[in-house]
């Protein structure tokens, strides 16, 4: 074996090792991106289940007084027995400000506050899932938009959940969710 063969073999072995290392980095980045996407999707799915459950319970067990207390694009207050225990609850969803989550790298994410009071107790929860968009549009009995809480018969909810950290090829992994909910107890015969 000559010196040229030895040098050539070393160069080829170095190129193969470099290719393997590069492929490892690519696979590692893809795995990280996949895990971030999956985590964002699972978080969004759990969040939307709670939201749909609560909103479907608007007006449950309310025989007197308003069912919807207030309805703005970033907050909603309503009454209903959301935990099926026979006690009326007051539930408030309120969007926080982007500065509330200064500890996360995503500058656009914010908290969503869920406050439930009823039966002499109050439970407050700050939902930290990477929400970067959360808007509610309220619908009247004709399906048209309304800003009057007394006329609300349904709501269109839009949410964008993004990961806390950027990905190599994408800024933030994200999931957009949109749903229109017509709570049964708001007397909509649509």
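Laboratory data are not the source of any read-out in this text; all were calculated from the coordinates shown. The structure displayed is predicted, hence computed values, not measured ones. Note that each Cβ is placed from the backbone with ideal geometry, even for glycine, and that neighbours are counted across all protein chains shown.
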Filter result for residue 152 (in contact (Cβ under 8 Å) with a residue 40 or more places away in the chain, under 18 Å from residue 179 (Cβ atoms), buried (at least 19 other Cβ atoms within 10 Å of the Cβ) and touching a helix residue (DSSP H, G or I) at 6+ places or on another chain (Cβ under 9 Å)) | yes
Residue that is surrounded by the most Cβ atoms within 10 Å (Cβ to Cβ), among those in the stretch 121-149 that are out of contact with any helix residue (DSSP H, G or I) (no Cβ under 6 Å at 6 or more places or on another chain) and within 16 Å of residue 38 (Cα to Cα) | 130
Restricted to the stretch 155-167 and to residues being crowded, with 19+ Cβ neighbours inside 10 Å and in contact with a helix residue (DSSP H, G or I) (Cβ under 8 Å, 6 or more places away or on another chain), the residue farthest from residue 54 (Cα to Cα) is 163
Could you say which residue among 57, 67 is crowded, with 17+ Cβ neighbours inside 10 Å, at negative phi, more than 23 Å from the chain's Cα centre (by Cα) and touching a residue at least 60 places away in the same chain (Cβ under 8 Å)?
-> 67
Which numbered condition residue 108 misses (of (1) within 22 Å of residue 178 (Cβ to Cβ); (2) in contact with a helix residue (DSSP H, G or I) (Cβ under 9 Å, 6 or more places away or on another chain); (3) surrounded by 16 or more Cβ atoms within 10 Å (Cβ to Cβ)) = (3)
Taking the options 93, 176, name whichever one is surrounded by 14 or more Cβ atoms within 10 Å (Cβ to Cβ) and under 23 Å from residue 71 (Cα atoms).
-> 93
